[in-house]
Amino acid sequence: MSDIHFTPKHIAKDCIEYFKPTGRILDPCRGEGVFFDNLPKGTEWCELTMGRDFMEWEEPVDWIMSNPPYSCFRAWLRHSMKIADNIVYFLPVFKVTNSCQVWDDSRKFGGIKSLRIYIRAGIPWQRGRPLCAAHWQRGWDGGIDISYYSPAISG
């Protein structure tokens, strides 16, 4: 199974508009630039295929926003929690909810502040799975806000 799942531009733009990242921002999986090209000017980036390995990034940032690799998600999230105050990852909902270790890591960091749910959102590789933009925030001790991306729903 490939670890490369390109995010459609309309989804990246919605994530950015919804969460409104500010300060020092990092896109750790630049890929073809769908998040990076739409984030504020001055956003930092990593991309393994371009010689910048996110797992070697150590500088603190205010926000991380991207579509992470799923095969190593827990290690990826843990590294993100070391360097960022806010993390927004676009991924299948089950990657956020199916592991007690992810929940434990989330609570140690702060918590999941919000989930933006994407169903029937025009994503070719979605294959019936609900996707989300999950926002973790350092020190968060409140509930989880849930919102929905609302395209025209058919069928």
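The table for this structure:
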| quantity | calculated |
| --- | --- |
| Antiparallel content of DSSP bridges confined to the chain, in %, to 5 | 55 percent |
| Most fluctuating residue given options CYS100, CYS15, CYS132, as computed from a GNM of the chain linking Cα atoms under 10 Å | CYS100 |
| Fluctuation leader among SER114, SER71, SER80 - the chain, Gaussian network, Cα springs under 10 angstrom | SER71 |
| Largest-first ellipsoid semi-axes for the chain, taking √(5λ) over the Cα gyration tensor eigenvalues, angstrom | 21, 19, 16 |
| Diffusion constant of the stretch 57-115 at 10 °C, which comes from Stokes-Einstein with the Kirkwood Cα-pair radius and 1.306 mPa s, µm²/s | 136 µm²/s |
| Rg(Cα) / (2.2 N^0.38 Å) computed for the stretch 8-88, rounded to two decimals | 0.99 |
| Rounded to the nearest 10 Å², the accessible area of THR97 at probe 1.4 Å | 70 Å² |
| Theoretical FRET efficiency, 1/(1+(r/R0)^6), r = Cβ-Cβ of SER99 and ASP141, R0 25 Å, to 0.05 | 0.75 |
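The values are calculated or read from the model by the stated rules, or taken from the named source; none is laboratory data. A quick note: this is a predicted structure, and the numbers were derived from the prediction, not measured. Neighbour counts are summed over all protein chains in view; Cβ atoms, including those assigned to glycine, are modelled from backbone coordinates with ideal geometry. Just so you know, the surface numbers come from the protein's heavy atoms only, side chains and all, with ligands and any DNA or RNA stripped out. Shrake-Rupley method; radii C 1.70, N 1.55, O 1.52, S 1.80 Å.
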